[in-house]
Amino acid sequence: MFQITRIKDNGHEILQLSGDLTIYSAAEARHELETHLSQHPTLVLDLSEIDELDTSGVQVLLWLKREAAARVGALSLVRHSPAVVETFDLLHVTGIFGDPILIGPA
């Protein structure tokens with residue numbers, strides 16, 4: 001089950017994504033992330049709790065990055081889970097996001 005939780009870290013709001021970001025949750029995730037983006041054009045996503053990521057999930061993240069930039073904001077991805085690192089490596093998209101790969105705790 002995919003879920004987004006707002007967390008505070010040193011006064012900054014971070015959206016922690018958890019569960020599976022796959023074809024089965026991509027539409028829901030896109031809708032929820034679009035709501036957050038409309039309120040804050042600069043987003044930080046904590047990916048440490050993502051259990052599974054497929055190409056549909058990557059498409060959502062790519063869309064979100066483009067949308068944030070179009071709204072003169074930005075998207076930062078932090079604390080990548082092993083599933084995220086594996087999928088990004090497989091699809092060769094790490095450089096597109098431009099964020100350093102910082103693996104969160106298991």
- Item | Number of positions in segment 1-49 that are closer than 20 Å to Ala74 by Cβ and not in a strand (DSSP E or B) | 14
- Item | Total residues in segment 55-106, condition in a helix (DSSP H, G or I) and not hydroxyl-bearing (Ser, Thr, Tyr) | 26
- Flag if Val78 is at pLDDT 95 or above, of a type outside the set (Lys, Arg), surrounded by 15 or more Cβ atoms within 10 Å (Cβ to Cβ) and under 21 Å from Ile101 (Cα atoms): no
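Residue-by-condition table, conditions (1) touching a Lys or Arg at 6+ places or on another chain (Cβ under 7 Å); (2) modelled with pLDDT under 95; (3) crowded, with 16+ Cβ neighbours inside 10 Å:
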| site | (1), (2), (3) |
| --- | --- |
| Met1 | no, yes, no |
| Ile14 | no, no, yes |
| Leu21 | no, no, yes |
| His31 | no, no, no |
- Residue within segment 59-81 that is of a type outside the set (D, E, K, R), touching a residue at least 24 places away in the same chain (Cβ under 8 Å) and farther than 18 Å from Leu33 by Cα present: yes
- Item | Glu52 vs. criteria touching a helix residue (DSSP H, G or I) at 6+ places or on another chain (Cβ under 6 Å), acidic (Asp, Glu) and not in a loop (DSSP other than H, G, I, E, B) | yes
- Message: Six or more apart or on different chains, Cβ atoms under 9 Å: show the pairs whose first residue is in segment 16-36 and at positive phi and whose second is of a type outside the set (Asp, Glu).
- Response: Gly19/Met1; Gly19/Phe2; Gly19/Gln3; Gly19/Ser25; Gly19/Ile50
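The values are calculated or read from the model by the stated rules, or taken from the named source; none is laboratory data. What you are looking at is a predicted structure, and each value in this text was computed from that prediction instead of being measured. Ideal geometry is used to build each Cβ from the backbone, glycine not excepted, and the neighbour counts take in all protein chains shown.
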